[in-house]
Structure formats: C-alpha cells, structure tokens
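S.K.: Following this message is one structure expressed as structure tokens.
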Amino acid sequence: MHDDMMNCRTVNAWLEMAQDDEVFIDADDINREAMENMWSFSPTDEETPQIHAVDIVAFIGELIAARRSALAGEQMLFYCWHDAQCRQLRFSLVSRSHGRLPFRCEVRETQDLALIAERVVNGDWRNEDFMQAPSEEGDEQEPVPFILPVFVAPVP
C-alpha cells in the first residue's frame, strides 16, 4: 500500500476496504458475477471537498493492481462507471468469456480513467447544481440517447 500515492483519507479508507475483496467467478452467469463483485462509493458532504479526480484515478489504479495479482490465471474484465442516479462511483468484475458487459443501456467503453473520475467528482460530487431540475424550455427538445461511459481494463 503506497500511502504517498493518495493523500486523501477517505479514498485511502475505500482502498483498504475494497482492495483484498474476494472475487466471485461464474462464467455461466454474468449478472451474478456483476452483482457479487460490485462495489459502490460515495463521500459524505464533509468528505467531498477533500476528494479530487486524481485521487479517484489513483484509487482505481491501485484496485486494478490488487485485482491483477489476486486473479493471476483468470480471465476477467474490471470495469468502473459513474452511477448518476445513486451518485456513486461503482466498479465490478466479470469473466471475459461473456464477451460483453452486463449493462442494459448503451455503453461507450473507454480506457480513459480520468474521464470517469472527472464525471463523478467534478460533474457530480463537487457540483452544487447537480440535483437541479431541467429548465422548462428544455422539455420540447428530443431527449439525448443515454450512453454510459464505462472504463474497462482486462484483469490480469
């Protein structure tokens, strides 16, 4: 554990909790894998000002490193995303043999972890306007199709 990497107590605490978690593997049931291996994180109001996007990037990087050493010999996918409805950062793992991620919505896979970190930290947690209702005049516009950016990395 490299304490010098992250100076954010909250994120370090999240790493302590999540890094050694047992990974559940079931190549026949992607949804069970996804549920069993999922972690969700959201800061309290007090913690939020201490958290920066770079902390989240470092946090996920450390988690992936931990999972890679734990899962040597397995064929898994690590993926993480911003759940805007729950205002959480989430990650999970599924077997690569499924050939897909277990989302019902359209997904845009990315290798750019900073993109997810920016969305969750600056777009949501640190954004005071996040919960504001959409403006009246926006109602006639066509709804933009929802595409979820998901960071994906093979493990190991």
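S.K.: What are the ³J(HN,Hα) values, in whole Hz, obtained from phi via the Karplus relation 6.51 cos²θ - 1.76 cosθ + 1.60 with θ = phi - 60°, for each residue of the range 98-105 in sequence order, with x given for Gly and Pro?
M.R.: Each residue of the range 98-105 in turn: 5, x, 7, 9, x, 10, 8, 8 Hz.
S.K.: At what distance in nm do the modelled label points of E16 and E109 sit from each other, each positioned 7 Å from its Cα along Cα→Cβ?
M.R.: Using points 7 Å along Cα→Cβ, the separation is 3.5 nm.
S.K.: Classify the range 2-87 as rounded, prolate or oblate, taking a ≥ b ≥ c as the square roots of the eigenvalues of its Cα gyration tensor: rounded when a/c is under 1.5, otherwise prolate if a/b is larger than b/c and oblate if not.
M.R.: Taking the square roots of the gyration eigenvalues as a ≥ b ≥ c, the range 2-87 is oblate.
S.K.: Turning to a different aspect of this structure: Using amide H atoms built in the peptide plane, which far-off residues or other-chain residues are under 5 Å from M76 H to H?
M.R.: Under 5 Å from the amide H of M76 lie the amide H atoms of R96, V155, each far enough along the sequence or on another chain.
S.K.: Between S69 and S40, what is the label-to-label distance in nm when each label sits 7 Å out along the Cα-to-Cβ direction?
M.R.: Placing both labels 7 Å along Cα→Cβ, they lie 3.0 nm apart.
S.K.: Obtain the radius of gyration and the Kirkwood radius of the chain from its C-alpha atoms and give Rg over Rh. Write down the numbers at each step before the final one.
M.R.: Values: Rg = 16.5 Å, Rh = 16.6 Å.
Ratio value, two decimals: 0.99.
S.K.: Keeping the other protein chains in place, figure out the carbon and sulfur percent of the accessible area of the range 1-130, with a 1.4 Å probe. The partial results should precede the final answer.
M.R.: Values: 3110 of 7230 Å².
Solvent-exposed carbon and sulfur of the range 1-130 make up 43 percent of the total.
S.K.: Right, another one. Cα gyration tensor of the range 72-133, axes a ≥ b ≥ c as square roots of the eigenvalues: rounded (a/c below 1.5), prolate (a/b > b/c) or oblate?
M.R.: Prolate, because a/c is 1.5 or more and a/b exceeds b/c.
The values are calculated or read from the model by the stated rules, or taken from the named source; none is laboratory data. Note that the structure is predicted; figures quoted are calculated from it, not measured. Note that each Cβ is placed from the backbone with ideal geometry, even for glycine, and that neighbours are counted across all protein chains shown. Please note that ligands, DNA and RNA were not included when accessible areas were found on the heavy atoms of the full protein model with its side chains. Shrake-Rupley method; radii C 1.70, N 1.55, O 1.52, S 1.80 Å.
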